[in-house]
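Beneath this line is the structure, given in structure tokens, with notes to follow.
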Amino acid sequence: MQIEIGLLKKGDTVLNVWDNNIAIRRKNENVEIFHYDLDENGLPRLSDNSILITQGDGIIKTKSADGSFEIGTF
């Protein structure tokens, strides 16, 4: 069986795949990390959440369907 996970856009590259995570370098140099699990049928299911690593000053933000807000700094 071959499973296809379509996450790449033109200009993106896969940096790594490990422990049910996929790290993708976007064309704009940001890195997005996706998590997937296998369901009861052994098929991968992507998490609704991803981690986006960008240029910044150590501020962590979350973005949800109802808005965006800052969580904290490090």
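Please treat every number below as a calculation from the coordinates, not as lab data. Small disclaimer: the values here were computed from a predicted structure and weren't measured. Positions of Cβ are backbone-derived with ideal geometry, glycine not excepted, and every protein chain shown enters the neighbour counts.
I60 to K9: FRET efficiency via 1/(1 + (r/R0)^6), r the Cβ-Cβ distance, R0 25 Å, to the nearest 0.05?
It comes out at approximately 0.55.
Peptides 17-27, 45-55: what's the order by average Cβ count within 10 Å, highest mean first?
In descending order of packing, they fall as 17-27, 45-55.
In the chain, what percentage of the DSSP-assigned beta bridges are antiparallel, given to the nearest 5?
Of those bridges, close to 100 percent are antiparallel.
For the chain, just the Cα set please: Rg and Dmax, both in angstrom.
Rg and Dmax of the chain, Cα atoms, are 14.4, 44 Å.
At 0.36 nm per residue, minus the direct Cα-Cα distance, what do R25 and L46 gain on full extension? Give it in nm, one decimal, please.
Value of the extension gain: 5.8 nm.
Give the peptides 56-62, 34-40 in descending order of average Cβ contacts within 10 Å, highest first.
Output ranking for 56-62, 34-40: 34-40, 56-62.
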